[in-house]
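Nothing in this text is a laboratory measurement; each read-out follows from the coordinates by a stated rule. What you see is a predicted model; the values in this text were computed from it and never measured. Every residue, glycine as well, gets a Cβ built from its backbone with ideal geometry; the counts of neighbours run over all protein chains shown.
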Amino acid sequence: MSVATSKQLDPAGTEVAHTTILEHTEVSAYYKRYWTQVKLAKRFAGKKRSGTEPTIKTDRDQAHVWQRYMKLNREELVDQLLLLERQYAQLNERWLNLNDHVLEWQLRAEQAERRFEQRQQIPVDVWPHPGQT
């Protein structure tokens, strides 16, 4: 609530006690709803993604991660989910590309091995000696 709005609601300038807000159910709900939003907005205002995604460690504390996610609002959770889905898709694409390269090199190695074995089977006297043509 802005200062101007406060002065409109309380022209005499008298303040409302903290306990009065908390004891009045409707006012308390209104206060908590907007207080939480402001608190979250301030908390995440300075946290901008740097473009590099965080590394997820396999041995991280799951309870700590769970509590961190429980503090996020729905929009932040959806953003996090979309980020993870994008990272998963990129990782899967890289994995498929690497497997294609491994298969390609495996086939090349098998072909080279067959050619090598065929050359080993050719008798030595068939090869031209230096000075013979």
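Details
- Region 74-122: radius of gyration over Cα atoms, expressed as a fraction of 2.2 N^0.38 Å: 2.20
- Label-to-label distance, nm, for residues given as Leu103 and Glu85 (7 Å Cα→Cβ offset): 2.7 nm
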